[in-house]
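This structure is in structure tokens; I'll ask about it shortly.
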């Protein structure tokens, strides 16, 4: 926030400022206006996943439907509504795997929507999109690799340079 002091002067000689105030002895003219200026954020930053990482998770094929198997997080350098992030599966991932996996829009929790079967499919590559809620949205995509190896649920970040 910026605070400005504005003083108004008349065109006389000597120049006098703004408001007329009568005192017992002299006629004093003074006028100062304080203006507070707040700078509003514009949506000039897109959400980003840290380090453009590939997130790897391993999940047992016998987890219950609805189990949260990982949580992804993105950040946005904007503020207010421009920094509120919504997560979704990319259109291609939603089309191909949206019946098996989902992501909660507000939390980034990835969860199972259907029973998993290691013998019919042992690996998924899911793309999660992070979008902000500003007037002009931007997004970033995270590649989530799933390996249903029959082990307990684990997750780890692994940076992949692109």
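The values are calculated or read from the model by the stated rules, or taken from the named source; none is laboratory data. Every value quoted in this text rests on a predicted model; they were computed, and no experiment measured them. When we count neighbours, we look across all protein chains shown, and the Cβ atoms used for this are built from the backbone with ideal geometry, even at glycine.
Please enumerate the residues belonging to the stretch 79-97 that are in a loop (DSSP other than H, G, I, E, B) and surrounded by fewer than 15 Cβ atoms within 10 Å (Cβ to Cβ).
Within the stretch 79-97, 79 is the sole residue that qualifies.
For the stretch 51-67, how many residues are modelled with pLDDT of 85 or more and not in a loop (DSSP other than H, G, I, E, B)?
0
May I pose another question? Of all residues in the stretch 112-127 being at pLDDT below 95 and touching a strand residue (DSSP E or B) at 6+ places or on another chain (Cβ under 8 Å), which is nearest to residue 64 (Cα to Cα)?
112
Tell me the residue from 111, 101 that is surrounded by fewer than 19 Cβ atoms within 10 Å (Cβ to Cβ), in the same structural domain as residue 77 (by TED's automatic domain parsing) and in contact (Cβ under 8 Å) with a residue 24 or more places away in the chain, please.
Every option except 111 fails the conditions.
For the condition crowded, with 17+ Cβ neighbours inside 10 Å, more than 9 Å from the chain's Cα centre (by Cα) and within 20 Å of residue 56 (Cα to Cα), what is the one hit in 74, 70?
70
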